[in-house]
1. For the chain, what ratio Rg/Rh do Cα atoms give with a Kirkwood hydrodynamic radius?
2. What FRET efficiency comes out for the pair Asp3/Ser47, r = Cβ-Cβ distance, R0 = 30 Å, nearest 0.05?
3. Evaluate Rg over Rh across segment 1-132, taking Cα atoms for both radii and Kirkwood's formula for Rh.
4. Rounded, prolate or oblate: which fits segment 118-254 when a ≥ b ≥ c are the square roots of the eigenvalues of the alpha-carbon gyration tensor, with rounded for a/c under 1.5 and prolate only if a/b beats b/c?
5. Between Glu172 and Asp67, how high is the FRET efficiency from 1/(1 + (r/R0)^6) when r is the Cβ-Cβ distance and R₀ = 22 Å? Nearest 0.05.
6. Towards the positive end of the charge dipole of the chain, with charges on Cβ (+1 Lys, Arg; -1 Asp, Glu), say which of Val92, Phe160, Pro228 has the farthest Cα.
7. Please go through segment 199-243 and write out the trypsin sites (Lys or Arg not before Pro) that DSSP classes as loop and that have at most 14 other C-beta atoms within 10 Å.
8. What's the FRET efficiency of Arg229 with Leu10 using the Cβ-Cβ distance as r and R₀ = 30 Å, to the nearest 0.05?
Amino acid sequence: MSDALPRQTLNGTAYVDQGRGEALVLIHGVGLNADAWAPQVETFAASHRVIAIDLLGHGGSALPPADATLDDYVRQVSGLLASLAINAATVVGHSMGGLVALGLALVEPARVARVAVLNSVYDRTPEARAAVIERAAELAESGAQGDIEQPLARWFGENFAVVRASVRSILEQANPKGYASAYSVFAHSDRAFIGKLAALKQPALFATGTDDPNSTPAMAEVMAAAAPRGKLAVLQGQRHMMNLTAPEATNALI
């Protein structure tokens, strides 16, 4: 990963805006920011107008409202695209960003020409849901990011030391309130689109890695099967941050 990407700010949303052409919108996951898309920005800005957003409470963006819901993040992205006069875009979301991308595609189908959902969640097991909700409560109570080595271990295993260190730095600098708010939304939104994906008319990619323990291939398979134009892709040997650990393969999917 490179140094921080240059940002602009509009109505409380910080964002990267590079390249020209058809719009490609990138939405990161909990605790991260637009810098987590550095390999994708570098590649696609040669042929597209790439917009990489800092979600509310992340990077340079304003904090979300109290008791934020997934809809608040969807409205943030929608509002930015409207302000930038981007009428249609390919929208790619990672982890929680994938949920935001799905929400936007369903609420404003004309604005989303295609959608890609990378390493996201769908209908967790009761045990997994209880664990993630418990962590959300701990984050809200502590007012801190908690043990960031736990997510790093899930996301990378013991490999990719350089990229792992860059992501650790992003997590360490994350706003604790923004992190806790987004994590709570992420914890409670895995069932947000059950029974709704049949209305997803756009071409839709659902992708993850074989070794992602929380955003499992089974989740991606169910989502892809539920979307009329859904496509499944699973990258062998990859975990949660495959856009950074296997950028060429991930870019090829996009």
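1. Checking Rg against Rh, the ratio lands at 0.92.
2. 0.85
3. Working: Rg = 14.3 Å, Rh = 14.8 Å.
Ratio of gyration radius to Kirkwood radius: 0.96.
4. Oblate.
5. 0.25
6. Going by the charge dipole, the pick is Pro228.
7. Working: sites: Lys201, Arg229, Lys231, Arg239; in loops: Lys201, Arg229, Arg239.
Taking segment 199-243 and a limit of 14 other Cβ atoms within 10 Å, the loop trypsin sites (Lys or Arg not before Pro) found are Lys201, Arg229.
8. Numbers: r = 32 Å, r/R0 = 1.05.
With a Förster radius of 30 Å, E is 0.40.
Readers should treat all values here as calculations from the given coordinates under stated rules, not as data from a laboratory. Small disclaimer: the values here were computed from a predicted structure and weren't measured. Here the Cβ is made from the backbone with ideal geometry for all residues, glycine too, and neighbour counts use every protein chain on show.
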